[in-house]
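Presented below is the structure to which this report refers.
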Amino acid sequence: MSFEDLYRARGYWIGQTFDDLLQAAFDKHGSRVAIVDGDREVTYAELRDRALRLAAGFHGLGIGKGDRVVVQLPNTASYFEVIFALFRLGALPVFALPAHRAAEIGYFCSHTSAVAFVTTGVHEGFDHRSLAAAAGTARMIVDEDLASLYADPAGLPDGPSADELAFLQLSGGSTGLPKLIPRTHDDYLYSVRESADICRLTPDSVYLAVLPVAHNFTMSSPGVLGVLHAGGRIVLARRPDPATVLPLIAVERVTITAVVPPLAQLWIDAVAAMDEKPDLSSLQVLQVGGAKLGSTVAARVEPVLGCRLQQVFGMAEGLVNYTRLDDPDEIVLTTQGRPISPDDEILVVDDADEPVERGEVGHLLTRGPYTIKGYWNAEEHNRTAFTADGFYRTGDLVRHRADGYLVVEGRAKDQINRGGEKIAAEEVENHLLTHPAVHDVAVVAIPDAYLGERTCAFVVPRPGLSLTLPEIRSYLRERGLAAYKIPDRLNVVGAFPVTGVGKISRRELRAALRSLKEG
Ligand code: OOB
């Protein structure tokens, strides 16, 4: 039996599309509020109606099934109209983050041959319309113009089927250019429905979206899609700082929200320092994921915020692990959860791909009903990123406990996890190598008390030339690199350490520098 047949036989893939999900939510909860965006409230009926009319508008522009559309929107109600309009047509959103700039947007548009780029106006002091040139031949559509596109949905062509691609998600990556993750309606919505169930979402749930909605965590774990599936209410936060978020939790009676570890710490510190405590009585669950949560912060969640902690260890490629809401403290405080599905296969192996003893640290490989078997159009990379029998090499070092829970112990991939934001070392290195004063460069993670890790660039300058941190930072900004990828530190060195005879790879270099830095 093929995996596809197995996943259908087990009832994981049920033939539901994103359009079906929205239609079902509308049928059941039409008059209820789906989204709160500042002063604006959008009901399920309104969302359904606008998404269909926008689909007709997009169709009128010639956007159709299989076309790629790069979507870069902040946490606004428009985001939902746009993605459900594209899902209805079977056009594939390519999910960019609001922080991405010309370098990333240019690459996403050209690599996917995108027909359109949907973005916003000024956000966080940056005018996204200035990315028009980077979008190349993709038609730029700005969110404030969406209403002018609305058209009669009567003649819309048939939508996609559930086994087809729904969208392309970005990988955190460890390579020079980011890889795209192809997810189908069937596989993704299985993870959404199960996540909603694990997190006990109901029509009374109020989910505060703090992290960017286009991130896999906020989108589907259970995220905004899980809430729509359950008929609950999404409250959009424009900014993640305590001054914005704490009053919002009180006023909107938020029941669940999701953050990265530095934000959890920031909120906890803010609340602990307040003489007059904010009203957090509605909050039941704080999900923390995207990077390893330290045990000290973990232990403070419940006493300070008065809600249950849930650890989430997931990846845009698929596999998501949760601690369960009724798990004992020992599990919730010290593990990163266990998989969603009984058919998520977990293998922990050594460098030679041989399984390690249960409970020992090794490389995490995984295969399952919502984990991809290959990146989009990346045949060569897929040969090393997946095993011959289709396991995804996560690049994470974990322990698999006897009780099935996973503990993340480190990472083998050349990536920096800067407070949940993933940076591929090679991508930043390639940009730096174009600088006229740079002879060679290695980008590595350095430990940081607040963010977990920060980025340090080790640079060997060209003979007679020098470099400073402000110089390389403004150089990378001008090249249009997202701010979070720009190195926090610069170490100018005469030469790189050589560990063996002959030429050593950049990868080994990074490892050598990392251990120097830690030692
Ligand atoms: C989430 O997804 P991505 O694709 O941005 O990053 C995945 C990587 C993992 O391979 C791991 O290295 C790291 O992020 N990670 C964690 C973690 N959660 C993610 N490392 C330690 N502890 C954790 N709890 O980050 C993501 C996707 C869905 C749900 C949650 C997070």
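For region 411-420: of the residues being of a type in the set (Gly, Ala, Ser) and either under 15 Å from SER174 (Cα atoms) or within 8 Å of the ligand (Cβ to nearest atom) (or both), which is least open to solvent (accessible area, probe 1.4 Å)? Break it down into steps so the answer makes sense when it comes.
Step one: of region 411-420, the residues of a type in the set (Gly, Ala, Ser) are 412, 419-420.
From the residues that got through so far, the ones that are either under 15 Å from SER174 (Cα atoms) or within 8 Å of the ligand (Cβ to nearest atom) (or both) too are 412, 420.
Details: ALA412: 35, GLY420: 10 Å².
Per the stated criteria, the residue is GLY420.
For region 391-404, enumerate the residues that are under 21 Å from the mean Cα position of the chain (by Cα), part of a strand (DSSP E or B) and not aliphatic (A, V, I, L, M). I'd like the intermediate steps shown before the answer.
Pass one, region 391-404, residues under 21 Å from the mean Cα position of the chain (by Cα): 391-398.
Adding the requirement that they be part of a strand (DSSP E or B) leaves 392-398.
Scanning region 391-404 gives TYR392, ARG393, THR394, GLY395, ASP396.
Identify, please: which residue in region 217-239 is touching a residue at least 12 places away in the same chain (Cβ under 8 Å), open to solvent by 10 Å² or more (accessible area, probe 1.4 Å) and not in a strand (DSSP E or B) and is, among those, farthest from the ligand (Cβ to nearest atom)?
Restricting to residues being touching a residue at least 12 places away in the same chain (Cβ under 8 Å), open to solvent by 10 Å² or more (accessible area, probe 1.4 Å) and not in a strand (DSSP E or B), the top hit is ARG238.
Looking at region 185-216 only, could you name the residues that are of a type in the set (Ser, Thr, Tyr) and either out of contact with any strand residue (DSSP E or B) (no Cβ under 8 Å at 6 or more places or on another chain) or assigned to a helix (DSSP H, G or I) (or both)?
TYR188, TYR190, SER191, SER195, THR202 - these are the residues of region 185-216 that are of a type in the set (Ser, Thr, Tyr) and either out of contact with any strand residue (DSSP E or B) (no Cβ under 8 Å at 6 or more places or on another chain) or assigned to a helix (DSSP H, G or I) (or both).
Per-residue answers, yes or no, for (1) buried (at least 20 other Cβ atoms within 10 Å of the Cβ); (2) more than 16 Å from the ligand (Cβ to nearest atom); (3) modelled with pLDDT under 95; (4) more than 19 Å from PHE217 (Cβ to Cβ):
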site: ASP269; (1), (2), (3), (4): no, yes, no, yes
site: MET274; (1), (2), (3), (4): no, yes, no, yes
site: PRO303; (1), (2), (3), (4): no, yes, no, yes
site: ALA316; (1), (2), (3), (4): yes, no, no, no
site: ASP326; (1), (2), (3), (4): no, yes, no, yes
site: THR334; (1), (2), (3), (4): no, no, no, yes
site: ARG338; (1), (2), (3), (4): yes, no, no, no
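Which one of these does VAL407 not meet: (1) within 12 Å of the ligand (Cβ to nearest atom); (2) in a loop (DSSP other than H, G, I, E, B)?
(2)
Mind listing whichever residues of region 386-404 are aliphatic (A, V, I, L, M) and more than 12 Å from the ligand (Cβ to nearest atom)? Reasoning before the result, please.
First pass over region 386-404, keeping only residues aliphatic (A, V, I, L, M): 388, 397-398, 402.
Within region 386-404, ALA388, ALA402 qualify.
Just checking, how many residues over region 159-186 are among the hydrophobic types (A, V, I, L, M, F, W, C) and open to solvent by 20 Å² or more (accessible area, probe 1.4 Å)?
3
Looking at (1) under 21 Å from ALA103 (Cβ atoms); (2) within 14 Å of the ligand (Cβ to nearest atom); (3) of a type outside the set (Lys, Arg); (4) in contact with a Phe, Trp or Tyr (Cβ under 6 Å, 6 or more places away or on another chain), which one does ALA424 not meet, given that it meets all the others?
Tallying (1) under 21 Å from ALA103 (Cβ atoms); (2) within 14 Å of the ligand (Cβ to nearest atom); (3) of a type outside the set (Lys, Arg); (4) in contact with a Phe, Trp or Tyr (Cβ under 6 Å, 6 or more places away or on another chain), ALA424 fails exactly one: (4).
Mind checking which residues of region 12-33 are outside any helix (DSSP H, G or I), in contact with a helix residue (DSSP H, G or I) (Cβ under 7 Å, 6 or more places away or on another chain) and surrounded by 14 or more Cβ atoms within 10 Å (Cβ to Cβ)?
Across region 12-33, the qualifying residues are TYR12, TRP13, GLN16, THR17, GLY30, ARG32.
Cβ-Cβ below 6 Å, separation at least six or inter-chain, first residue in region 463-474 and in the same structural domain as ALA442 (by TED's automatic domain parsing) and modelled with pLDDT of 95 or more, second part of a helix (DSSP H, G or I) and not hydrophobic (A, V, I, L, M, F, W, C): which pairs?
Cβ pairs passing all conditions: none.
So if I check each of SER205, SER174, SER161, which one is farther than 25 Å from ALA91 by Cβ and assigned by TED's automatic domain parsing to the domain that holds THR120? Before you say what the answer is, go through the steps one by one.
Numbers: SER205 fails: assigned by TED's automatic domain parsing to the domain that holds THR120; SER161 fails: farther than 25 Å from ALA91 by Cβ.
Matching residue, one of SER205, SER174, SER161: SER174.
The values are calculated or read from the model by the stated rules, or taken from the named source; none is laboratory data. Computed from a predicted structure; not experimentally measured. Backbone-built Cβ (ideal geometry, glycine too); neighbour counts: all protein chains shown. Please note that ligands, DNA and RNA were not included when accessible areas were found on the heavy atoms of the full protein model with its side chains. Shrake-Rupley method; radii C 1.70, N 1.55, O 1.52, S 1.80 Å.
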